[in-house]
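The values are calculated or read from the model by the stated rules, or taken from the named source; none is laboratory data. Computed from a prediction, not measured in an experiment: that's the story for all the values here. So basically every Cβ, Gly included, is an ideal-geometry build from the backbone, and we count neighbours across all protein chains shown.
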There are 2 protein chains.
Amino acid sequence: MSLPHAILTALLEKPSSGLELTRRFDKSIGYFWSATHQQIYRELGKLEGEGLIRALPNAQPSRGQKKSYEVLPAGRAELARWAAAGQDPKPLRDTLLLRLRASAVVGTAGLEAELRRHLELHQRQLAEYEGIEKRDFPPGRDAPEDRLRHLVLRAGIDLETFWTQWLTHALTEFADLPAPQADSGQSEATPPGAGQS
Amino acid sequence: MSLPHAILTALLEKPSSGLELTRRFDKSIGYFWSATHQQIYRELGKLEGEGLIRALPNAQPSRGQKKSYEVLPAGRAELARWAAAGQDPKPLRDTLLLRLRASAVVGTAGLEAELRRHLELHQRQLAEYEGIEKRDFPPGRDAPEDRLRHLVLRAGIDLETFWTQWLTHALTEFADLPAPQADSGQSEATPPGAGQS
DNA sequence: CATTGTTCTGCAACTAGTTGCATAAACGAG
DNA sequence: CTCGTTTATGCAACTAGTTGCAGAACAATG
């Protein structure tokens, strides 16, 4: 139940149309809460129905016609309420870790390349974040809202740093592993051409 | 599409009934892929239907009666295929960061307590992981599968470490913020009792 | 002005995960 | 032996997110 609030935040920062929101989600906001344009349109409709936002009056409402929204007081109040409410962090869900664990049973074949690929992706993302930091947060800004936004960006940077370090470490571990077998489990006569679904 | 593979992994490590699986998901596997017992039962049914696992013959099949499963060769093959296949890391989705960003617009009231609470939760989790590390991975083990499992645990430890550090940093930032206002945005006459839902 | 491509909006169907509850056997206590 | 509790299995309905596609306006071009 966070997408509506992500949209409210984005609209408070700047009133926008569905497509503009989509683009902004692809950039800054999407870095920690991604959404497709279909989700966004659907949610805009709901939010309007609930009286939390409204279409800007100037643009006329017809299909294929740009329609911008702004947040109403009720929307702002709801966002404030939600931001302060208690919410537990939801447990991690990571397929790479899962695959690593599966590999402990079923063999590490092919995994190393995958680790390398992920390392590269995370390095790229890290570089992008650091570019943003240099551009948007030069030393010596301290409007409170800048500090908060910087804090969020820091989380992104530190997370990507963590992943690149962990992946690098994982790769060195792999380097001196016995050798990638197709199956290192407690082999119980797995026929070579066993097939599947 | 990872739950079936998580189950296959768990069953390869040790054939189990639905409830046993549920318990194991609450512990080790659930640390990076959580699942409820309903999900697990549903998925066990599907996997059996697809011929990837089968019920152990000894136990009789009646409701309320324990029924254990083991992985068939086809299941092992499918797991190996999946573990080696390419999968992009899916983008971060974190409500706390989102709420922090919202707070930059709508005011930081109540947020500090929430940060503190999360800090405590992450510290607790970190302590638990470290306990497991001490217990299950004493120095000097190097069976390849132990190394892999340790690597996964390391990821958990390092992630929790990251969060505790980031949250600590965030709290010091909060300490010298102007003062938590109910609304620090470009105030446009937000009536105090504006509403909700 | 018909044709084609792009921008912008949106519906519908599907997949994955969650919540709430139902049922059946097993076991212990009165 | 029956009543309540625990263990174990499972269905059904709901929520959130994803995928695939389609339609309306607008702009460029022959």
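Among the residues that make up the range A:29-36, is at least one of them among the hydroxyl-bearing types (Ser, Thr, Tyr) and either more than 15 Å from DNA strand D (Cβ to nearest atom) or more than 30 Å from B:Leu3 (Cα to Cα) (or both)? No: the range A:29-36 contains no residue that is among the hydroxyl-bearing types (Ser, Thr, Tyr) and either more than 15 Å from DNA strand D (Cβ to nearest atom) or more than 30 Å from B:Leu3 (Cα to Cα) (or both). B:Leu98 - would you say it is surrounded by fewer than 17 Cβ atoms within 10 Å (Cβ to Cβ) and over 17 Å from A:Val105 (Cα atoms)? Here the answer is no, as B:Leu98 does not meet what is asked.
Residues satisfying the criterion are present in the range A:65-80 (criterion: more than 16 Å from DNA strand C (Cβ to nearest atom), assigned to a loop (DSSP other than H, G, I, E, B) and of a type outside the set (Ser, Thr, Tyr)).
Here's the yes/no breakdown for (1) in contact with a Phe, Trp or Tyr (Cβ under 9 Å, 6 or more places away or on another chain); (2) on the phi > 0 side of the Ramachandran plot; (3) at pLDDT below 95; (4) surrounded by fewer than 18 Cβ atoms within 10 Å (Cβ to Cβ):
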residue: A:Leu8; (1), (2), (3), (4): yes, no, no, no
residue: A:Leu12; (1), (2), (3), (4): no, no, no, no
residue: A:Ile29; (1), (2), (3), (4): no, no, yes, no
residue: A:Phe32; (1), (2), (3), (4): no, no, yes, no
residue: A:His37; (1), (2), (3), (4): yes, no, yes, yes
residue: A:Gly49; (1), (2), (3), (4): no, no, yes, yes
residue: A:Ser62; (1), (2), (3), (4): no, no, yes, yes
residue: A:Tyr69; (1), (2), (3), (4): no, no, yes, no
residue: A:Ala84; (1), (2), (3), (4): no, no, yes, no
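Quick check: anything in the range B:36-51 more than 14 Å from DNA strand C (Cβ to nearest atom), assigned to a loop (DSSP other than H, G, I, E, B), within 10 Å of another protein chain (Cβ to nearest Cβ) and touching a Leu at 6+ places or on another chain (Cβ under 9 Å)? Yes, the range B:36-51 contains at least one residue that is more than 14 Å from DNA strand C (Cβ to nearest atom), assigned to a loop (DSSP other than H, G, I, E, B), within 10 Å of another protein chain (Cβ to nearest Cβ) and touching a Leu at 6+ places or on another chain (Cβ under 9 Å). In the set B:Ala74, B:Ala104, B:Ala80, only one residue is within 7 Å of chain A (Cβ to nearest Cβ) and farther than 30 Å from A:Gln125 by Cα; that residue is B:Ala74. Annotation: of all residues in the range B:151-181 being modelled with pLDDT under 90 and in a helix (DSSP H, G or I), the one that is farthest from the chain's Cα centre (by Cα) is B:Ala175.
Residue-level analysis places A:Gln165 outside the set of residues that are within 18 Å of A:Trp33 (Cα to Cα) and of a type in the set (S, T, N, Q). Of everything in the range B:81-126 that's of a type in the set (Lys, Arg) and in a helix (DSSP H, G or I), which residue is nearest to the chain's Cα centre (by Cα)? Checking each candidate, the answer is B:Arg124.
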